[in-house]
Structure formats: structure tokens, C-alpha cells
1. Would you mind classifying the range B:93-156 by shape? Square roots of the alpha carbon gyration tensor eigenvalues, ordered a ≥ b ≥ c; an a/c under 1.5 is rounded, otherwise it is prolate if a/b is larger than b/c and oblate if not.
2. Nearest 100 Å², what total accessible surface is buried between chain B and chain A (probe 1.4 Å)?
3. What average number of partner chain Cβ atoms lie no more than 10 Å from the Cβ of the residues making up B:271-278?
4. In nanometres, what is the gap between the two model label sites at A:Glu296 and A:Ala20, each 7 Å from Cα along Cα-to-Cβ?
5. Taking the alpha-carbon centroid of each part, what is the distance from the range B:53-72 to the range B:146-169 in angstrom?
6. So what is the calculated 222 nm ellipticity per residue for chain A, using -39500 (n - 2.57) for each DSSP H run with n of 4 or more, over all residues, to the nearest 500 deg cm²/dmol?
7. Taking only protein heavy atoms into account and a 1.4 Å probe, give the accessible area per residue of the range B:296-407 in Å².
8. What length, rounded to one decimal in nm, is gained on full extension from B:Ala315 through to B:Asn384, with 0.36 nm per residue of separation minus their alpha-carbon distance?
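The values are calculated or read from the model by the stated rules, or taken from the named source; none is laboratory data. Bear in mind the structure is a predicted one, so any value in this text is a computation, not a measurement. Backbone-built Cβ (ideal geometry, glycine too); neighbour counts: all protein chains shown. For the accessible areas, the whole protein counts, side chains as well, though only heavy atoms, and no ligand, DNA or RNA atoms are used. Shrake-Rupley method; radii C 1.70, N 1.55, O 1.52, S 1.80 Å.
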Amino acid sequence: MSVLNEKTVEELSVLLESGACTSQEIVRDVLAEKNRIDPVIRAYVELDEEDALAQAVEADAARARGTAGPLTGIPVAIKDLLNVRGQSCTCGSKILQGYRSPYDATAVARLRSAGMVMAGRVNMDEFAMGSSTENSALQTTRNPWNTACVPGGSSGGSASAVAARMAVASIGSDTGGSVRQPASFCGCVGLKPTYGRISRYGLTAYASSLDQIGPITRTVKDAALLLGAMAGHDPMDSTSSPLDVPDYAASLTGEMKGLKLGVPKEYFVEGIEPEVDACVRKAIAQCESLGAEIVEVSLPNTRYATATYYILATAEASTNLARYDGVRYGLRVEGADPIALYMNTRAAGFGSEVKRRIILGTYVLSSGYYDAYYLRAQKVRTLIARDFSEAFARCDAIVCPVSPTAAYPLGSCADDPLKMYLGDIFTVTANLAGICGLSVPCGFTSGGLPVGLQILGAPFAEQKILDIGYAYEQSTAWHTEKPAIQG
Amino acid sequence: MNYHVTIGLETHIQLKTNSKIFCACANHFGDEPNTNVCPVCLGYPGVMPVLNEEAVHKTIRAGLMIGSRIGAFCKFDRKSYFYPDMPKNYQITQYDRPFCIGGQVEIEVDGRKKIIRVNRIHLEEDVAKNTHAATSSEVDFNRAGTPLMEVVSEPDMETPEEALAYLQALKQIMVYGGISECNLEEGNMRCDVNISLRPDGQEKLGVKAEIKNMNTFKGVFQALQAETRRQESILESGGSVRQETLRFDPDAGVTLPMRSKEYAHDYRYFPEPDLMPVVLDKDVIERWRSELPELPQQRRERFVSQYDLPEYDAAVLTADKHLADYYERAAAGTKNFKAVSNWVMTEVMRVLSEKGWTIEQFPIQADALAELVALADGKVINSNSAKEVFSILLEEPGASPKALVEKRGMAQVSDSSAIDAFVDQVITEQTKSVEDFRNGKQAALQFLVGQIMKLSRGKANPQMAAQALRDKIGSME
Ligand SMILES: [Zn+2]
């Protein structure tokens, strides 16, 4: 019976250190569980078992040599848009099928040097464009809590694999909520660090000024461990921060006494599902009972956030995705001349949501429209960031819902992209403002779907939001719940 | 009717740096295709640019050399268009915040000096190189990511000659600054021109045409001549010039419209999110300014004052930085600066033009030339021997002039008793010529000296021989 796959990173670290288990045993348990239930969930895009086991053998050897660290030998599943040398990196798209990464992303290289095992690639919305993973061109991933529902997105493969215990932890990316929202939908912990905290080098870009890599785990401490392993300045990413990286995990206090938590009135509005609202309010009350002081704050420009986000993100995406042209790698559909080759390749290779966003982004940057859209959106972005800095002058962190809804049935948003866009309202603001945010499980709907509490912090206040999340998590049992899945 | 021509140039200049602008690949011409490449310059998924500081320094140095103002806040932008030479299908360039603003280049045409104003200099990445075959296209990405400066002039030029002089002056400055080799064969310098005509007396500029992508100065010159004729004949016949993009066909000597697909773009510029804006420290700029190399004009003036050379020599020697460097290295080894100048301007430059060499390819090292000049100047060898040594050095570049002179016994005979012996012999043998000279025929003396040179097998000091002849014949009575 596979059991090690159910352990957290923290627990496995202890077991490995004491010699109670080996990396190979952990990887075998993960593989066994994946083979049992992934035919139903379909979180994994690729998992080279031989390669994962070979890495585990190497990790065990390192431990025998005495060169192991606390994360050595622990497997992690990687969202299929981070480059891992020799592995796929489809980004959930047909256009990158067949591409093998010639290099490691910096975050991946750091996890590797910490001894972690790169165990498989997980599904996502095509080029991280979506909030349900339904936009993957490869396969449909299901929510382990209710397989008729979406896992959230775009890091839906990461969240469902972690929730279903067929991954110990996973690395995702968050451009407008793509780590926090699927973590919330699947009952996991998801962290979006401050922009610049983790190098983006090797993260296939969707919207460069908003993208940030983040861990999806089962506990706050695990998220802190992985953040610590990945964070820090990278000469390959000029936008990465030179600030020192604290030992987040070791510094967790489990205390929130005396901290001021801001509740933004704009985040508790009509349209939020009553059950979600109730879970989040209950969680806030719990924080108060743990000694936090609750204050009301205002983020008045929230109503412009979604529009701002979709202008800026698509503008950047329209250029970031221009490189997929069939010339150097990935899909190629021949044409009479290079331009025809481009058009044929891109027409066949991109899905409809990606095309929609490329067209939108191209439009907002077009001459004559730039000032009205892109420039204006940049100004609003500044206002949104100012909202947050004013709010953080009055509180230590902000607590609010991750998403107005819990996971919804597969296909229910398929014909209505706007409806799905509006679901990002509570998450896109953190990306626009460049601040950090954490999603922690805070209850279930009556239908048994998880609900997440979002904790937002000022730039580089990861330690603070992890502390609050950890204190809350330690006082509840939500994170210990696990879905029952029939393999 | 007479027309007034207005010309502006956009000149792309590849910077001489060790590595490419955004990655660590070598910036090197002529290697096997697609060998100086990496995920960054190939535009792989997930890669990010890291700005090469050397490229920034050289761009700013270029600006400082032509008197530009350096931008306080500079940034990069994405310029979007699809073409197979573009790895990312957008080019990282500078749209509205270039490194250098303003500046000027002085030109001289037919002895008339003129200032050509520069609008701006910005830095961008070069694209790859496409080769089109009958049924396929090949792309060499070695060039992709080479740091490329674009120098945009104001429309201050009025003739193709001025445009040519501007390009030459610009090249001279860039080579002097160590900014670029400006090697046209290697594509270091490429040019787009704008040209319009208006009838004399009309203030408003005419409709301009743009001629793109020329990579020789001759091409620019001929294209401007051809386009001037074309626009002139349109206007003469009462037509109007269309604003369009052209290319120059050097074989036919005409400008032709480009297919609209080749240039009709909305580039959709927006700030590059992967690079931080560049805010240059004032102290750094001042330090760079203090480290500026000498400008061609300054060097010319210094050659006159330091080496006491005529204006003409100074101008010839400093026209090419490397030639000037060579001269200075040679001059350091001698006392007779003018003699070195004569040697460089006659013998050295003659060989360069005969062989089609640049001075860097010239086999005789400056210190060897200095040694040779010193030997001639000190009358150790006469001028014929000096030329002979020069020829030998061309064949045996490593040889020492001194050693050659010794080995081959070429030292002049300046020993008066030896010369007297030759003089006595010649006077005895050539009585007719001696007689002629005594009767006032100066040419006879030259003949007699020649006979002495012959007897001495070229080693006699001719001045001493002539003097001895005069003395002896004069005292014969
Ligand atoms: Zn490169």
C-alpha cells in the first residue's frame, strides 16, 4: 500500500533524515498512486518513471555520502511551462508538442541543487490562459473532490495532483491567480510570491510583468520550504530582487496575536457565492479569536482590476507568444513561404482562448489604440498598487476570498469567457500590484468542495503571510482532509 | 526647374563587444552558421534578456563623441513584426527613451565644412541572417543578438556627396572610439536613407521616399543619385512623388518599390517588461566622458603640434585610426618624425593600395619601420639601400633591418679615404666627363657620382662622393 505519497514535504524530510525511508520508496509510492488514480484525474502530462527513479537513486546516494539537504530526495511535480532540461514543456499547447527543453529554469535548477526529484509534468491551461485547466489542448484534468468539476487553473494539474496525493508538492505559476485559485479549488496551499522574489528565467512567459512562480503544497510549512529553496536574485532575470532570502520555514511562529488583518469591503460583494462568503468570514473570525485585530480597509480601484489585467496581460502575451512560429522548435505546418508557414503553424497550434488573447493584446497595442488601452491600463495599475500600499499602512495583511466561487462543473464556463474572467477578480489585483498572496484551505461547501482563504501581504512580506497562514492552519483541520477517489 | 534635395540617414552600426547584447554568446563574425547561439538568442520558451553593460558603455561613448546628451532615464521596448530572421518575432529596441539624444558630425565636401545634426542614437539587437534558395530558406542565428546601434541623422544633407561624407565621418568616429570596426564587408554598417526633393524657393519639404537596407557606401551614393533623378523626372513631368519604401538594385542602378508586405507594419511598440529601465549615474557618465578617446580632428591637430608635421601629412595619417596608430608607434622609435611620415605616406601606403591591404594586414611592424628610417636618416644606408631593405622586409616581416644591412653589407661607405680612392679612379678613367664638368656641365658630376656608386656597388655615400669630386677637380687646374 502506498503511503509515503500522503506525507508532506516536512514529514518526508524527517523520515529521510532518520533513515526511515528512501527517496526511491517515496518516488515508487508516488508513481503507484499516480498510476492508480491519474487515469481518472489526468493531472500528469508526462512522467518519465525511469528518470524519476534514477534521480531518486542519486538522491539516496547523496544522502549516503552525507551531502543531502532537508529537501534531498523529495519528488516534486512541475507545471508544464517551466523548462526542465530534457523534459517536455508543452505549456498545455499543441504548438509546443515535441519540444524538449535544452535547459533548466533557475527555479528548477535550485530545486535540483537542493536534491529534489523532478517527478513529472502537470497539466495547465494553454500558456496559463484560463482558470479551469479546460483550455489545455492536451487533456481534461478533474477536481479530485468532485471529478465532475474543474480543478481550477491555470495550474490545475499541480493542484489536483497534490490534492489527490499523487504528488507531494508541485510548482506552478501565477499570473492572475493561477496558483492561488486552483489551490483553493482543490483544498491545497498555494503561494504567489512577490514579483521578483523567484527568478522567472525558464518560466515560459505569458505576461512577463505579472508572472510569478509559486509552490502548491498541502501545508503552509511546505510552501515555505519550497519558497526558500527557489527564491533569491538570479543574474539571468534582471527583474529578480536582490533582497536576502530568509529561512521562511524555520522562522514560522504560529502566532498572529497583535497582527492587524485588513478586510477589504470591495471583496465582499454581490456575486460571491454565499457558502464561500460564509467560509471566509468564519476563517476571519477564527483569526480574530487567535488574537488578530480585524480592521476594514478599502481597495477602491478593485472594480477596474479585471479590465486592467486583461489589457496588460494580453498585450504582453501577444508578443511573448509571437515566437511560436514553427521555425526553430515545436509544431510546424508547412506553407508556400515563411509567412504562410507562420500562419498555418499558429492557426493549427494555438487553441481558441490563446488566439482570443493574442488578438486582444494585438489590438490594445495597435497604433491609435495604445493610449486608450495600454497606457491607461498602466495608469490604473499604478492606482491599484497605491490602493494596496495605503491599505498596508493600516494593516499587516489583507484577508479575503480567493475566488467568488468554489470549483464549478466542467464545461459550465466554456461558452462564456467573460464569466470566467470575472472569477479572477480577487486574485488579479495581487499580480497587478506585484504583492504576495497565499491561499489556505478554510472549509468546504455543502457539496464538499474546498474553499480557500486568501492572505495578501505587502511586497516581500512572504514571511508575514506565511506566519498568518500557518497560525490559522495549525488551529484548523481543513488541510488534513483528503478526497476519496476511486482509481 | 531646379530642385533642392533633402537627405536623412538611419545608420545601423554593429558594436564591437565580446558577447551579444542579451546573452553570453560570442559576438563574432564568420563562424560556422548557428554555432554562436543559445536558448536566449534563439528565442526559446522561458528565456530572458540580460543587458550587456559593454554595449551600453559603447553606445554612450558614441554619443559622447558626437556631443549627444545622455538620457537620464532610458528603457527598452518591444517592436513586433514577423520575419524569419527574428527569433522572438519582436525586436528589443529603444523607442522613446534612447541612450543618446542630439549630437553632430562635421563633414567636409570640396573644401567646404558643414555640420550634420544627429537626432538620436539608440541600442537594439540585430536580427539573424536569412539566405533564400530556390525552394528553401536558411537562417543563421549567429548574428541574432549582436548589439546594434542606430544613429538617426537630421535631414541635413543636400547631396549624395554630403551623405557619403557623413557616412565616412561617422565611420571614422566609430573606429576611433573603438565602438565598431565598421567593416562593411562583414555588415558592421548598414543604412536606410530618406530623400525628398522640392523646387528651389519652396519652404515645405517634398514627399520623401525611403530606400532601405544598403550595406556599402557606394550603394548609398548611387542609390541617392538614382533616386534624385527619379524624383526629379517625376516632378519635371508634373507628377507627384509617392511616399514609399524602395530598395536599390545596384546592377540596374535604379531604385525599385519594395513589396508592401516587406514593410507595412504596425510595430506595436511597448516597454520591454523583462528589462529594468536604465538610469545612468551622472558620475559614471562623467567618468566615461573623461575616458573618451581622441577624436580624429583632435588627433590631426596633435600630429601637427607634437610631430611638427605639415597639415597635409597630419590629415592623411589620421584619416584612418589604425594608420595613425601605426604612425605613432613608428614615430616613437625615431627622432625624425617627418621622415617616418614620408615613409608611411609613400612606401607603406603604396604597398597597401597595391595589395589592397588594410594597415592591420601590413607585414612590416612599426618598430621595424622605425629602425629602417633611423638607418636611412643616420646615413648608415643610402636611400636605394633603404628601399631594398623595405622590399626584403615585406618578404621577411620578422627580420631586423639592422641585421639585414650588416648581413648583406649594405652600410654606406662614408670613410673619406675609401671614397677618395674611388674618386681618384673615376677621375683617371673618365677624363671626358671631368673635362665637361670643368666646363660647367653640372650633369657630368651626376654621371661621375654614378660611376663611384657603381664602383662601390651602391654603398658609397653619394653626398660625400660628390663633394670629394668637386674638391678634387677644383684643385686640378
Ligand atoms: Zn546566445
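1. In terms of gyration-tensor shape, oblate.
2. Working: alone 24220 and 17630 Å², together 38930 Å².
The contact between A and B buries close to 2900 Å².
3. Numbers: counts 4, 5, 13, 10, 3, 2, 0, 0.
Per residue, the number of nearby Cβ atoms from other chains is 5 on average.
4. Between A:Glu296 and A:Ala20, the simple spin-label model gives 4.9 nm.
5. Value for the Cα centre distance between the two parts: 17 Å.
6. Details: 15 runs with 180 residues, N = 487.
It lands at -11500 deg cm²/dmol.
7. On the way: 5550 Å² over 112 residues.
Counting only protein heavy atoms, the per-residue value for the range B:296-407 is 50 Å².
8. Working: separation 69, 0.36 × 69 = 24.84 nm, distance 2.79 nm.
Here the answer is 22.1 nm.
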